Each structure stands twice: as C-alpha cells, then as structure tokens.
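J.: If you scroll down you'll find the structure; I have some questions about it.
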Amino acid sequence: MNIILMGPPGAGKGTQADLIKANYPIPHISTGDMFRDAVSNGTEMGIEAKKYMDSGRLVPDEVTIGIVQDRLNAQDCNQGFLLDGFPRTVKQAEALDQVLAQLGKRVEAAINIDVPEDILVERMTGRISCKDCKTVYHLKFNAPAKEGVCDKCGGELVQRSDDQGETVKKRLEVYAEQTNPLIEYYQKQGNFYGIDGNRSSQEVFKDIEKVMGSL
Ligand code: AP5
Ligand code: MG
Ligand code: ZN
C-alpha cells in the first residue's frame, strides 16, 4: 500500500500514522521527523534545515526530494509506505510521481485530514512528543499517564521549537500557499480522499481504515 497523509500542521498526521503503523506493516516516513533527527544529530543538513523549520518555512525542495528518494529506495518500502508531510509542494508531488514511476509504483491514496484553523492552533500549542520514539501527545486532548514521560518507552516528552506563536502562524500561511494546491493535484489524479479531522482520533482512524480497505 503506497499512501500519503496530507493536511495542515497539527491536523493529526503523526497521530494517525501511529495508529496505521500498529495495524499495517508499512514504514512511516515523516520528513519532519527526519529533519528533527538531523537537527538533534547536528549534521550539516540538520543545521541548514533548522533555520527553515524554526521560522515556519519549508526546507528547499532539492534537499527534501533527495532524502525522500533515498528513503523510498530502501528494502522496507517494498510492501508499501506511509508518507507523512511529503509532498508539500507541487514540485515535490511531481518528483514523487517520477521516482515512483521508476520503481514501477504509484500513489494509491492521498489522504487529506481537514481541520479548522483555530483548532489547529490549539493542537499545536498543546503538543508534546517523545524524544526517543516520537509518539505524539497533547497536554489536554491526549495526556500521558505520567507527566513528561512517554507511556510507550519511558522517554522524555518535549515541546517542539516550532510549536510557538509566530512560527505556528507562519506554518499555517505557508501551508495555505504552498501545500493546499496539492488537493487539486491529487483530485485530478483520482486518488484523493478527504477526511474530516475535527473528531476523535479513533473516529478519524476508522475512516482512514475504510479508505485503506478499499484499495
Ligand atoms: P512536520 O513535522 O511535518 O510538521 P507539520 O506538517 O507542520 O505537521 P505537524 O507534525 O505539526 O502536525 P501533525 O499533522 O503530524 O499533527 P499531530 O498528529 O502531531 O514538519 C515540520 C517542519 O519540517 C516544516 O515546517 C518544514 O520546515 C519541515 N518539513 C517537513 N516536511 C517538509 C517537506 N516535505 N518539505 C519542506 N519542508 C518540510 O497532532 C497535533 C496535536 O494534536 C498533538 O498534540 C496530538 O496529540 C493532537 N491531536 C491529534 N489528533 C487529534 C484529535 N483527533 N483530537 C484531538 N487532538 C488531536
Ligand atoms: Mg507530524
Ligand atoms: Zn517514547
């Protein structure tokens, strides 16, 4: 199953990816997580990416397309993949189509999680996530059993540096300008599935399972 999870910042892509992963044997590929790993490892790419991330802008297409292309060539993508946060520009979507065509594959479902803007802000500003296993929590909507500690692995829960004030606002603007056009891109391809994300995670997941079951 070759699937893309789309939607504005804070829509619940990472949360749904965790649920999907637990039920389907396909790797979760989050470009945001990949960049955050590079930042914490202090690599050259991480240092460069951090400038864009902390200001709420997109990392340049050349960099992003390169890392996704390498990742999709890995063995574990043979049975499919779940892309989260990629593509985010029309250029990235076109590049993805080309890379997949070379591998004899295509995007089977572009699943878009839709959530109103005021809710997105509340979700992002209350988010905490595990430093180690990346599981996502929310101070109000999905709190861990023990404050500051990951239920799954005992890792430390931290707030993301881009989940504050002006950066959140900028990320929403960048989404509207550069990523929203992808809805039309996939509608034209006939593999677009829109999902109402303003419900409980379990309800959203049920709809995603319906889509996956229909493929
Ligand atoms: P990335 O990490 O992908 O961030 P994003 O797209 O802004 O999305 P988020 O991770 O913020 O939200 P999400 O949809 O995963 O929501 P979550 O499940 O966590 O990208 C970060 C940065 O990296 C970008 O700004 C850019 O600079 C760079 N980057 C990444 N990809 C790139 C690309 N392709 N090209 C260029 N640059 C790129 O949920 C949010 C919160 O809500 C959580 O607290 C969660 O517990 C809660 N929640 C989730 N679902 C529900 C629900 N149903 N009800 C109540 N609460 C919920
Ligand atoms: Mg995410
Ligand atoms: Zn953890």
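J.: Six or more apart or on different chains, Cβ under 6 Å: which pairs go from a residue in the stretch 118-134 that's within 13 Å of Gln164 (Cβ to Cβ) to one that's basic (Lys, Arg) and open to solvent by 40 Å² or more (accessible area, probe 1.4 Å)? Could you list them?
T.: These pairs meet every condition: Gly126/Lys140.
J.: For the structure I just gave you, tell me whether Gln98 is open to solvent by 20 Å² or more (accessible area, probe 1.4 Å), more than 16 Å from ligand 3 (Cβ to nearest atom) and over 27 Å from Tyr137 (Cα atoms).
T.: Yes.
J.: For the stretch 123-150, what are the residues that are surrounded by 20 or more Cβ atoms within 10 Å (Cβ to Cβ) and either within 9 Å of ligand 3 (Cβ to nearest atom) or among the basic types (Lys, Arg) (or both)?
T.: Arg123, Arg127, Ser129, Cys130, Lys134, Cys150
J.: Show the residue pairs meeting these rules: Cβ distance below 7 Å; 6+ apart or different chains; first residue within the stretch 145-157 and of a type in the set (Asp, Glu); second residue modelled with pLDDT of 95 or more.
T.: If the second residue must be modelled with pLDDT of 95 or more, the pairs left are Asp151/Pro144; Asp151/Ala145; Glu156/Gly148.
J.: Is there a residue in the stretch 19-37 that is more than 19 Å from Ser129 (Cα to Cα), away from ligand 3 (no atom under 16 Å from the Cβ), touching a helix residue (DSSP H, G or I) at 6+ places or on another chain (Cβ under 6 Å) and open to solvent by 60 Å² or more (accessible area, probe 1.4 Å)?
T.: No, the stretch 19-37 has no match at all.
The values are calculated or read from the model by the stated rules, or taken from the named source; none is laboratory data. Because the structure is a prediction, the values reported are computed rather than measured. Neighbour counts run over all protein chains shown; Cβ positions are idealised from the backbone, glycine included. Just the protein is used for accessible areas: all its heavy atoms, side chains included, with ligands, DNA and RNA removed. Shrake-Rupley method; radii C 1.70, N 1.55, O 1.52, S 1.80 Å.
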